[in-house]
Amino acid sequence: MPHVVVDYSANLEDFEAKQLLLEINTVLVETGYCQAIDIKARARKDDIYLVGLDEEQQAYVHVKIYLLSGRSSDQKQEIGQKVLDCLATNAILNQQQIPVQSCVELIDMPKQDYFKQVIEKQF
């Protein structure tokens, strides 16, 4: 834990989703609230999307971070802001020819409702 899901619009040019995932994971580890091995991150390109009423071409990156419950409001604020700062300083997002809406959403998952088991290598 945490789980990171990045949804992004297909109109981003030269976007490297894996690089952004690495940057986000690094920021999460640097907060000190999680270990690298516990982060599961993935990205999904949205081929069909609409921003507003489609009057102005825009792009987006929406980061959802699922966290086990128990973190304080201050900790969640720090996590959210640091990930948003990561998006704001991403070189590719800053080179786009259209506006890019960048969002971070933190989602609490009750600890009692999350189950995990690591299946170790057998050989």
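The values are calculated or read from the model by the stated rules, or taken from the named source; none is laboratory data. Model, not experiment: these values are computed from the prediction. So basically every Cβ, Gly included, is an ideal-geometry build from the backbone, and we count neighbours across all protein chains shown. Please note that ligands, DNA and RNA were not included when accessible areas were found on the heavy atoms of the full protein model with its side chains. Shrake-Rupley method; radii C 1.70, N 1.55, O 1.52, S 1.80 Å.
At-a-glance table
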quantity: Structure-derived volume of the Cα convex hull per residue in Å³ - corresponding label in (i) 143; (ii) 164; (iii) 182; calculated: (i)
quantity: Residues listed by number, the stretch 62-96, amide nitrogen under 18 Å from Glu56 label point at 7 Å toward C-beta; calculated: 94-96
quantity: Whole-Hz ³J(HN,Hα) from phi, Karplus 6.51 cos²θ - 1.76 cosθ + 1.60, for the stretch 37-49, glycine and proline x; calculated: 4, 8, 8, 10, 10, 8, 10, 9, 8, 8, 6, 10, 7
quantity: Mean-position separation - Cα centroids, the stretch 66-114 and the stretch 1-62, in angstrom; calculated: 9 Å
quantity: Residue-span extension gain [Thr26 to Asp7] - 0.36 nm each, minus C-alpha spacing; calculated: 5.0 nm
quantity: Gln101 paired with Val118, simple spin-label distance in nm, labels 7 Å along Cα-to-beta-carbon; calculated: 3.9 nm
quantity: Residue-wise HN-Hα coupling along the stretch 66-81, computed from phi with Karplus coefficients 6.51, -1.76, 1.60 (Hz; x: Gly, Pro); calculated: 8, 10, 5, 4, x, 7, 6, 4, 5, 5, 5, 4, 5, 4, x, 5
quantity: Entries of Lys40/Lys111; Lys64/Lys111; Lys40/Lys82; Lys45/Lys111; Lys40/Lys121 with Cα pairs more than 24 Å apart; calculated: Lys45/Lys111
quantity: Accessible area (Å², per residue) of the stretch 46-123, counting only protein heavy atoms and a probe of 1.4 Å; calculated: 73 Å²
quantity: Potential lengthening between Ile48 and Gln77 on full extension [0.36 nm per residue; Cα-Cα distance subtracted]; calculated: 7.3 nm
quantity: The chain: relative contact order as a whole-number percent, Cα under 8 Å and 6+ apart; calculated: 34 percent
quantity: Long-range amide H partners of Asp46 with built H, under 5 Å; calculated: Tyr8, Ser9, Ala10
quantity: Under the Karplus curve 6.51 cos²θ - 1.76 cosθ + 1.60, θ = phi - 60°, whole-Hz ³J(HN,Hα) for the stretch 14-22, x wherever Gly or Pro sits; calculated: 6, 6, 10, 4, 5, 5, 5, 4, 4
quantity: Mean Cβ neighbour count within 10 Å, used as a protection proxy, ranking 3-10, 66-73 highest first; calculated: 3-10, 66-73
quantity: Fraction of accessible area attributable to carbon and sulfur, the chain (%, probe 1.4 Å); calculated: 49 percent
quantity: Per DSSP, loop GluC sites (Glu not before Pro) in the stretch 50-116 with at most 14 further Cβ within 10 Å; calculated: Glu55, Glu56
